[in-house]
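The values are calculated or read from the model by the stated rules, or taken from the named source; none is laboratory data. Remember, it's a predicted structure, so these values are computed and weren't measured experimentally. When we count neighbours, we look across all protein chains shown, and the Cβ atoms used for this are built from the backbone with ideal geometry, even at glycine.
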Amino acid sequence: MYSLLPALVSGLFIAYGFYVLAAKGLNKTTGSFFLLCMTTFFWQGTWAVLYTVEANPASADQLIRFGYVLIAFLPTTLYHFLTEITDRHSERRWVGMSYAISAVFAALCVGSDWFIDGHYSYFWGYYPKAGCCIPCMCCKPRS
């Protein structure tokens, strides 16, 4: 029930991506739009599956980390699409750097607890628990 909306949004994004590719063909602008749609599709699709995983915390943690890898690339794919649609060719090197930074964030999502530190269990399913990327007193539980 609670996974219905993310599943619907996921389906709409993949449909829009394929529609634009079919209607306009593959070029730099449509390719970057399709990449944005694919990133959103997999992110929302992962959340839809996450909300249906019951009593399996290990699977929930894997889905959460996969979802956040995609979230790490979401601003970059949007930046890439906006750069292409506005013909700002001077921004392309910054787009490449943004993809590199997103890859670092994605690696940190998978390989550390800096961004994701487990999950909460709610009535609708599991939800990510934010990690702490700066070791300080505010992030550690007080005794």
*Lone qualifier among H80, H119 - being within 21 Å of K28 (Cβ to Cβ), in contact (Cβ under 8 Å) with a residue 24 or more places away in the chain and either in contact with a helix residue (DSSP H, G or I) (Cβ under 9 Å, 6 or more places away or on another chain) or part of a helix (DSSP H, G or I) (or both)*: H80
*Among residues belonging to region 89-116 that are of a type in the set (S, T, N, Q) and either touching a residue at least 12 places away in the same chain (Cβ under 8 Å) or touching a helix residue (DSSP H, G or I) at 6+ places or on another chain (Cβ under 7 Å) (or both), point out the one that is nearest to A58 (Cα to Cα).*
S112
*asked:* Considering only residues that are without any contact (Cβ under 8 Å) to a residue 24 or more places away in the chain and either closer than 23 Å to G131 by Cβ or touching a Ser or Thr at 6+ places or on another chain (Cβ under 7 Å) (or both), which ones fall in region 31-62?
replied: N56, A58, S59, Q62
*Any chance F73 is surrounded by 17 or more Cβ atoms within 10 Å (Cβ to Cβ) and at pLDDT 90 or above*: yes
*Tally the residues that are closer than 30 Å to S121 by Cβ, buried (at least 18 other Cβ atoms within 10 Å of the Cβ) and aliphatic (A, V, I, L, M), restricting the search to region 15-52.*
3
*Within region 88-116, work out how many residues are part of a helix (DSSP H, G or I) and either modelled with pLDDT under 80 or under 17 Å from T39 (Cβ atoms) (or both).*
14
